[in-house]
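Here's the structure we're looking at; comments come further down.
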Amino acid sequence: MDLAFEAEGLVKRYGKTTALAGIDLAARPGTVLGVLGPNGAGKTTAVRILATLLRPDGGRATVGGLDVVRHAARVRRLIGLTGQYASVDDDLTGMENLVLIGELLDLRRSEAKARAAELLESFGLAEAGGRQAKTYSGGMRRRLDLAAGLVGRPHVIYLDEPTTGLDPAKRDDVWTIIRSLVGDGVTVLLTTQYLEEADALADDISVIDHGRVIAHGTPAELKRVVGGQTILVRPADQARLADAAAVVGAVAGRTPESPGRGVITVPVEGDAAFTEIVRRLDQERIAVTELSLRLPSLDEVFFTLTGRPAQEEAAA
């Protein structure tokens with residue numbers, strides 16, 4: 001199978017500190033690989049190697065079949081990179097920022113202007129294109145930064161925590177852009193600390209902890225690491241919570257838990273219990289405002305893999 005990019009056994013050391021301890025990463029063309037892990041896990045180091053900005057101390061990496069060390073200049077023609085913080089020039093306008101990138105990529109000025117105008121339109125920045133970037137909001141600056149990474153029409157784009165510091169609405173805007181890129185056939189490597197972001201966007205996820213890949217698979221496959229599914233029930237009448245718990249417990253064959261006020265949950269194997277619980281709740285005339293069958297969350301997966309919550313690790 002042809003791969004858009006591949007890393008095998010990457011090792012990177014800084015003095016006595018090992019940032020990468022032999023990680024493997026790969027993505028098929030036109031897909032999103034989510035690289036998930038806390039600060040200091042090695043995500044950015046891996047991206048910088050794949051982007052030819054760092055040389056590995058061990059292992060190898062290729063983009064479009066080209067070695068990132070031996071063919072660095074050719075690899076740079078295939079990739080785009082957007083870091084954690086917007087790298088646009090505040091004193092230039094949106095148009096000038098993109099034209100500058102185009103000229104640095106050896107586009108003729110007319111070509112650079114045409115490409116800049118196309119990207120400003122695509123990213124909803126056409127009306128702001130003549131304003132200095134320092135007048136842009138945080139979300140606009142992030143969109144301009146993403147546009148800058150696409151001037152050269154890359155086959156592969158590395159997005160290193162692209163939604164860091166954005167509010168939920170602006171994060172959704174970036175998610176829409178990423179989905180659009182993939183729809184156009186671009187391959188995306190997305191590093192993130194946000195488990196819901198990886199869940200929403202990634203076709204495959206590699207979880208990195210202390211410089212090692214500790215798990216890899218689709219979001220659904222990783223959720224199965226925890227095992228089974230969970231049924232959640234929220235009775236409309238809180239006075240009937242105990243009755244609902246009795247029904248759920250009888251069907252599931254185990255005692256339900258109450259993780260929140262007015263809610264009961266129970267782990268089950270397969271989905272047969274869900275149908276039976278629905279039937280018995282109806283039989284007992286217990287109305288519900290919420291009833292769901294779900295796989296474990298990626299937060300639960302991270303806790304299972306590392307022994308600590310993702311939020312705690314990120315804070316550390």
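The values are calculated or read from the model by the stated rules, or taken from the named source; none is laboratory data. Predicted model only: the values in this text are computed from it and were never measured. Please note: Cβ atoms are built from the backbone with ideal geometry, for glycine as well, and neighbour counts cover all protein chains shown. For accessibility, only protein heavy atoms count, side chains too; no ligands or nucleic acids. Shrake-Rupley method; radii C 1.70, N 1.55, O 1.52, S 1.80 Å.
Residue-level check: of (1) of a type outside the set (Phe, Trp, Tyr); (2) surrounded by fewer than 21 Cβ atoms within 10 Å (Cβ to Cβ); (3) within 12 Å of VAL32 (Cβ to Cβ), THR191 misses just (2). In the set ARG153, ARG254, ARG212, ARG234, only one residue is touching an Asp or Glu at 6+ places or on another chain (Cβ under 7 Å) and either in contact (Cβ under 8 Å) with a residue 40 or more places away in the chain or not acidic (Asp, Glu) (or both); that residue is ARG234.
Just so you know, in segment 54-67 the residues that are free of Cβ contacts under 8 Å to residues at least 60 places away in the same chain and in contact with a strand residue (DSSP E or B) (Cβ under 6 Å, 6 or more places away or on another chain) include one that is most open to solvent (accessible area, probe 1.4 Å), and it is ARG60.
Give the residue, chosen from ALA112, ALA26, ALA117, that is open to solvent by 30 Å² or more (accessible area, probe 1.4 Å), under 22 Å from ALA128 (Cβ atoms) and not basic (Lys, Arg).
Working: ALA112 fails: open to solvent by 30 Å² or more (accessible area, probe 1.4 Å); ALA26 fails: under 22 Å from ALA128 (Cβ atoms).
Of ALA112, ALA26, ALA117, the one residue that is open to solvent by 30 Å² or more (accessible area, probe 1.4 Å), under 22 Å from ALA128 (Cβ atoms) and not basic (Lys, Arg) is ALA117.
Of the residues making up segment 67-101, those that are under 20 Å from LEU10 (Cα atoms) and either polar (S, T, N, Q) or touching a Phe, Trp or Tyr at 6+ places or on another chain (Cβ under 8 Å) (or both) number 2.
Restricting GLY102, GLY30 to residues that are part of a loop (DSSP other than H, G, I, E, B), under 21 Å from LEU159 (Cβ atoms) and of a type in the set (Gly, Ala, Ser) narrows the list to GLY30.
Within segment 230-239, the residues that satisfy the criterion of being farther than 14 Å from ARG280 by Cα and either of a type outside the set (A, V, I, L, M) or surrounded by fewer than 18 Cβ atoms within 10 Å (Cβ to Cβ) (or both) are THR230, ARG234, ALA236, ASP237, GLN238, ALA239.
Scanning segment 80-99 for residues that are open to solvent by less than 30 Å² (accessible area, probe 1.4 Å) and either outside any loop (DSSP other than H, G, I, E, B) or within 16 Å of GLU118 (Cβ to Cβ) (or both) yields a count of 7.
Restricting attention to segment 175-195, does a residue exist that is among the basic types (Lys, Arg) and in contact with a Ser or Thr (Cβ under 9 Å, 6 or more places away or on another chain)?
Taking segment 175-195 first, the residues among the basic types (Lys, Arg) are 179.
Retained after the next criterion (residues that are in contact with a Ser or Thr (Cβ under 9 Å, 6 or more places away or on another chain)): none.
Scanning segment 175-195 turns up no residue that is among the basic types (Lys, Arg) and in contact with a Ser or Thr (Cβ under 9 Å, 6 or more places away or on another chain).
If you check ALA51, ALA46 for being under 22 Å from the mean Cα position of the chain (by Cα), of a type in the set (Gly, Ala, Ser), open to solvent by less than 50 Å² (accessible area, probe 1.4 Å) and over 22 Å from GLY102 (Cα atoms), only one passes: ALA46. Each residue in segment 149-169 was checked for being more than 15 Å from the chain's Cα centre (by Cα) and open to solvent by 20 Å² or more (accessible area, probe 1.4 Å), and 5 of them qualify. If the condition is being aliphatic (A, V, I, L, M), assigned to a loop (DSSP other than H, G, I, E, B) and over 26 Å from the mean Cα position of the chain (by Cα), then segment 54-79 contributes only VAL69.
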